[in-house]
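See structure below.
The values are calculated or read from the model by the stated rules, or taken from the named source; none is laboratory data. Because the structure is a prediction, the values reported are computed rather than measured. Counting neighbours? That spans all protein chains shown, and the Cβs are built from the backbone with ideal geometry, glycine included. Each accessible area value is taken on the protein alone, full model and side chains, heavy atoms only, with ligands, DNA and RNA left out. Shrake-Rupley method; radii C 1.70, N 1.55, O 1.52, S 1.80 Å.
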Amino acid sequence: MTMPTDGGSDRIFELQEEVQQLKEAVVSHAVVDQAIGMVVALGRISPDQGWAVLKEVSQHTNIKLRNVAELILVWGRTGVMPEEIRAALEDALDRTGPTQIPGSPPEA
């Protein structure tokens, strides 16, 4: 089989890259959706509020939203969350409605 010499192989490469990017976007979207679900359950808030909380935590910690979502999912499995994320999440949820994240120190 011969490869086309009219730039077709370049187009195939471009399409392969696009497919890979779409696959990564689907996985990223699933991670974010799962984290929103955890925040919704934790804070007893709506999915729209959960999305807003995740965005706020991302902005306040200067960590990409997908990475914040991954850290929240890890916390769900292990109970371990970086203090910076925990504090920002508690603050964001407090602005949405009073909530204390399990495992955080009790308020004085």
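Can you name every residue in the range 25-66 that is in contact (Cβ under 8 Å) with a residue 40 or more places away in the chain, under 11 Å from Ala92 (Cα atoms) and open to solvent by 20 Å² or more (accessible area, probe 1.4 Å)?
Gln49, Ala52
For Gln20, only one of the following conditions fails: (1) surrounded by 12 or more Cβ atoms within 10 Å (Cβ to Cβ); (2) modelled with pLDDT of 85 or more. What is its number?
For Gln20, the failing item is (1).
Taking into account only those residues within the range 67-98 that are over 13 Å from Gln34 (Cβ atoms) and aliphatic (A, V, I, L, M), which is most open to solvent (accessible area, probe 1.4 Å)?
Within the range 67-98, the match that is most open to solvent (accessible area, probe 1.4 Å) is Val80.
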